[in-house]
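Taken together, the values in this text are just the output of simple stated rules run on the coordinates, not laboratory data. Here the structure is a predicted model, which is why all the values come from computation and not from measurement. Note that we place each Cβ from the backbone using ideal geometry, even for glycine, and neighbour counts take in every protein chain shown.
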Amino acid sequence: MLEIVAIDHIVLRTEKLDEMLHFYCQILGCKIERQTSPEVGLTQLRAGTALIDLVTVDSQLGKKGGGSPSKTENNVDHFCLQLKAISEIEIKEHLALHGIEIGDFERRYGALGFGNSVYINDPQGNVVELRSTVDKISD
């Protein structure tokens, strides 16, 4: 059985990066934790123990979600759930038991640093990232 302990991060697509940074940093008090090159298009904001990732629509990452956010184009790219300590094999077995397709685990950066995670889809087609373990708390 999987046990969720927290939301690790949420990824929002935007064509208004400056306004989003102002809103999340100046109004809500988040701090910029990491930024990639503009070509990659990722800005990660610290939101308590979680992250809010802002991805510019016209960047490498942003183009994966389609056009600019609207009623018919994705705004939320995916969200990530932190799981209570469990092996990747146990996660795969559990999901397979329930007929959930699963890809390969990959090393990614999240709220607790780098760790392995995997993407799955919920019944509505939303992308959910499951984070198994964290190697270290740093970048």
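General observations
- Positive-pole candidate from Gly66, Ile27, Gly48, dipole of the chain, charges at beta carbon: Ile27
- Hz values of 3J(HN,Hα) by residue in the stretch 78-85 - Karplus curve (6.51, -1.76, 1.60), Gly and Pro given as x: 6, 10, 10, 10, 7, 9, 4, 3
- The H on the amide N of Thr14, modeled in the peptide plane, is under 5 Å from the matching H of Val55, Thr56, Val57, each at least 5 residues off or on a different chain.
- Within the stretch 35-63, backbone nitrogen closer than 15 Å to the virtual label 7 Å beyond the Cα of Phe23 toward Cβ: 45, 52-57
- Longest site-free stretch - the chain; sites: trypsin sites (Lys or Arg not before Pro), DSSP loop, at most 13 other Cβ within 10 Å: 1-70
- Interchain or long-range residues, amide H under 5 Å from Phe114's placed H: Asp135, Lys136, Ser138
- Neighbour-count ranking [beta-carbon atoms within 10 angstrom, fewest first] of Val5, Val128: Val5, Val128
- GNM on the chain, alpha-carbon springs under 10 angstrom: the most fluctuating residue among Ile89, Ile100, Ile52 is Ile89.
- For the chain, calculated [θ]222 nm from helices alone, where every DSSP H run of n ≥ 4 adds -39500 (n - 2.57): -3000 deg cm²/dmol
- Longest exposed-site-free window of the chain, the sites being GluC sites (Glu not before Pro) in a DSSP loop that have at most 15 other C-beta atoms within 10 Å: 102-139
- Under-22-angstrom lysine pairs by C-alpha in the chain, whenever the two are 8 or more apart or on separate chains: 8
- The distance separating the Cα centre of the stretch 52-90 from that of the stretch 1-43 comes to 11 Å.
- For Ala47, distant residues with modelled amide H under 5 Å away: Ile52
- Taking all pairs of distinct alpha-carbon atoms in the stretch 12-59, Kirkwood radius in angstrom: 10.6 Å
- Quick note on the chain: its Rg to Rh ratio, both from C-alpha atoms and Rh being the Kirkwood radius, is 0.98.
- The charge dipole of the stretch 4-136, taken about its Cα centre with unit charges on the Cβ atoms of Lys, Arg (+1), Asp and Glu (-1) only, comes to about 300 debye.
- Arranged from fewest to most other beta-carbon atoms within 10 Å of their beta carbon, Cys80, Cys25, Cys30 become Cys25, Cys30, Cys80.
- Cα-based helix-to-principal-axis angle, 88-97 vs the chain, degrees rounded to 10: 80 degrees
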